[in-house]
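Below is one structure, written out as structure tokens, with a few remarks after it.
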Amino acid sequence: MRDFRPIPQPPSLAYPVALLDETVWRMVLTSLPMAPIPTQPIIKWAGGKTQLLGKILSAIPQHFETYHEPFFGGGAVFFALAAAGRVPRAVLSDMNPDLVNLYRVVRNDADALIAELQDLELRYLSADEHQRSSFYYCIRGQAPEDSLRSAARTIFLNKTCYNGLYRVNRQGRFNVPHGRYANPKICNQPVILAASEALKLAEIKGPEDFSTVVTRARGGDLVYFDPPYHPLSATASFTAYTADDFAWGDQLRLRQTFDELVTQGVTVLLSDSAHPNVIDLYEPKYVVNRVSARRAINSNGQLRGPVTEILVQGRQPPSTQPEVEPQPVLQVV
Ligand SMILES: C[S@@+](CC[C@H](N)C(=O)[O-])C[C@H]1O[C@@H](n2cnc3c(N)ncnc32)[C@H](O)[C@@H]1O
């Protein structure tokens, strides 16, 4: 269990210590023992990788140049790597415009976002059940052009909608119904601040298709692909994160991108469902590990138990990447 101490507030908010100027306050803060930073996803996201983190992190090499995650979603793997101090720099992207906007705002303008969320939280939590529902549908019906308000809306909907789902209709309008959480944490200030720090390591691209990663990744980089999973059955599909579904043709494009990256000397990891057709795409050329995960978001209750997923590892075989120059053999006579 991690111990999260509250982040100390500036004197004007927390203490009647107007006599301390900012420099002295900073010295006080830096002399305190460091609170563990709760670097973790700021939103709940279908297919989130939190429970598979141990297996994924142990498959990631200790050293790489740049970390790329082109299906970023909730970013569980990035935030865990950043918390462990293992990300030198990163390029993150997603096809979902709401997410891309959210992460830019979290990185660049966390304090203003927190203020917006505190306001939404107060208004929502102080309302009765009926008013909460009307408030939710009112926010859902808005399409703020302002990036800050749009980011606050994305978090608000994620925390108060049914099951933390993200689903849009063909017009790209969010259409998940209101959820029934008694006391949702709409503004988790320490988590947003920690995510903001982690995201300062990253360039945030997009919204864009995953294939763009080929134009940026270089030998020595690491790419982690976590696409919408190929459904094991018709009812197991939850690929409507964007208005465009992720179809079998996209899985084929992804396999091609995977190959190109490995040829460029990039280390590639990919998560997907253990559908036989997906396994056939990668085996036997690449190492395919089977891992077990519990998936909560599924329209069919019978499919909510543990499921097998795959973790594919791709890297250049060592024979094509000599680590030392071959030396002439000295014959001893
Ligand atoms: C399985 S989720 C990623 C989950 C994430 N790893 C986590 O821990 O929360 C898949 C993501 O891919 C994005 N996506 C769907 N189609 C895409 C595409 N063609 N290119 C890039 N991203 C896409 C979705 O918006 C979604 O955020």
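The values are calculated or read from the model by the stated rules, or taken from the named source; none is laboratory data. Source: prediction; values computed, not measured. Cβ sites come from the backbone with ideal geometry, for glycine too, and all protein chains shown count toward neighbours.
Before moving on, here are some points about what is shown:
- If you filter segment 51-83 down to residues that are among the aromatic types (F, W, Y) and more than 12 Å from the ligand (Cβ to nearest atom), you find that the one that is nearest to the chain's Cα centre (by Cα) is Y67.
- Condition check for V176: more than 30 Å from R89 (Cβ to Cβ) and surrounded by fewer than 20 Cβ atoms within 10 Å (Cβ to Cβ): yes
- Unique residue being touching a helix residue (DSSP H, G or I) at 6+ places or on another chain (Cβ under 6 Å), of a type in the set (G, A, S) and more than 30 Å from A84 (Cα to Cα) when the list is G172, G179, G141, G206: G179
- Hits in segment 276-308 - residues which are closer than 20 Å to W248 by Cβ and at pLDDT 95 or above: P276, N277, V278, I279, D280, L281, Y282, E283, K285, Y286, V288
- Total residues in segment 105-132, condition surrounded by 18 or more Cβ atoms within 10 Å (Cβ to Cβ) and out of contact with any Cys (no Cβ under 7 Å at 6 or more places or on another chain): 9
- So T235, is it at pLDDT below 60, within 30 Å of L165 (Cβ to Cβ) and more than 22 Å from the chain's Cα centre (by Cα): yes
- In this structure, V87 does not qualify as on the phi < 0 side of the Ramachandran plot, touching a Lys or Arg at 6+ places or on another chain (Cβ under 6 Å) and crowded, with 19+ Cβ neighbours inside 10 Å.
- Which listed residue, of D94, D119, D128, is of a type in the set (D, E), closer than 21 Å to I192 by Cβ, modelled with pLDDT of 95 or more and more than 13 Å from the chain's Cα centre (by Cα): D119
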